[in-house]
1. Could you give me the ³J(HN,Hα) list for region 50-61, computed from phi with Karplus coefficients 6.51, -1.76, 1.60 and θ = phi - 60°, whole Hz, x at Gly and Pro?
2. So if R0 is 41 Å, what FRET efficiency would D2 and S126 give, r being the distance between their Cβ atoms, rounded to the nearest 0.05?
3. Could you derive backbone 3J(HN,Hα) for region 89-98 from the dihedral phi with the Karplus parameters 6.51, -1.76 and 1.60 (θ = phi - 60°), listing whole Hz in sequence and x where the residue is Gly or Pro?
4. Cross-link list K40/K225; K48/K239; K133/K249; K40/K214; K110/K202: which exceed 28 angstrom alpha carbon to alpha carbon?
5. Which length gain, in nm to one decimal place, applies between N28 and N80 when the Cα-Cα distance is subtracted from 0.36 nm times their residue separation?
6. What residues have an amide H closer than 5 Å to that of Q121, excluding those fewer than 5 places away on the same chain, when H is modeled at 1.01 Å from N in the peptide plane?
7. With a cut-off of at most 10 other beta carbons within 10 Å, and DSSP calling the residue loop, which trypsin sites (Lys or Arg not before Pro) in region 128-177 qualify? Please list them.
8. Based on the Cα atoms of the chain, what semi-axes does the equivalent ellipsoid have, where each is the square root of 5 times one gyration tensor eigenvalue, given in whole Å with the largest first?
Amino acid sequence: MDSLYYDILRYLMEDGRTPKRRIASMLNVDPSSVEVRFKKMMEEEIIKRFALYVDYSALGLERAFASFKGLPEERIKELNGVVAYFTCAEGNTVMEVVARRRDELMETIKVAGQPWKVWIQPPSPSPLPSIDKYLLKVLAEDPRAKEFKVAEALKVSARTVRRHLRHLKTKGVMRVIPIVDLRKVQGIMFSVHTKAADEVKKVVRARPLWETSKGETVTMNYFVKDVAEVRKVSEQVVKLDPDATVTIKTSYDVKTPSWALA
């Protein structure tokens, strides 16, 4: 894999809906170069698929993140209510769970095992309007659907779809993420967990792909070329926040349960 593969993935990690022609323009290369590499990554399952990642608290659901030591990936896949998980080189697994009620939420976590840390995010007091919920439902079926196709499904204009997509992404309610086999790819995914997110962003040159708040702690996910960059970021982060942690990801997945968007 040449460096162009990494550059294409980096843009897709930032926004999985980015058109291939736009990526080619930003990289100043011929569109066919991006098309060939994109197709190869899909065929070889370097990119397994694209998934819609949603903040389900905005839909009025209970949401929690639970961190475990040594929880097998196969075990996670058996659990209902798990919408995302990340396994780490350090032996930790972070699991995101949603449910209609708090007791259902805690039962899923209990069934998984004994977590060493749990963050709970209660439902938003201002649930999304119906058009946004329907938009998310359409994207769950085809995360990279073109705006005019989404507009046809919603029976609104493409401009309206564009405006709502921008709003949902800006508010952190949704984003489209490529599910990548991290064993096959050039590049490293890692997370920074810190209570000094604003200060960290000012000094860390790498751009976070997406972030999630867990109480006072903010988790920022990055995708960089090599371990040297991870080490550099770690040194900068620890100087600002001695309690911050940096974890390298070895695998991850995102699911969009139909019942959550009903």
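The values are calculated or read from the model by the stated rules, or taken from the named source; none is laboratory data. Small disclaimer: the values here were computed from a predicted structure and weren't measured. Using ideal geometry, Cβ is built from the backbone for each residue, glycine included, and neighbour counts are taken over all protein chains shown. Areas reflect the complete protein model, heavy atoms only, side chains present, ligands, DNA and RNA absent. Shrake-Rupley method; radii C 1.70, N 1.55, O 1.52, S 1.80 Å.
1. Listing the rounded values in order: 10, 10, 8, 9, 10, 7, 6, 5, 5, 9, x, 9 Hz.
2. 0.30
3. Result, ordered by residue: 4, 6, x, 8, 10, 9, 10, 9, 10, 10 Hz.
4. Over 28 Å apart, Cα to Cα: K48/K239; K133/K249; K40/K214; K110/K202.
5. Value of the extension gain: 14.3 nm.
6. Placed amide hydrogens put R63, A64, F65 under 5 Å from Q121.
7. Filter output for region 128-177: K155.
8. Gyration-tensor ellipsoid for the chain: 27, 26, 18 Å.
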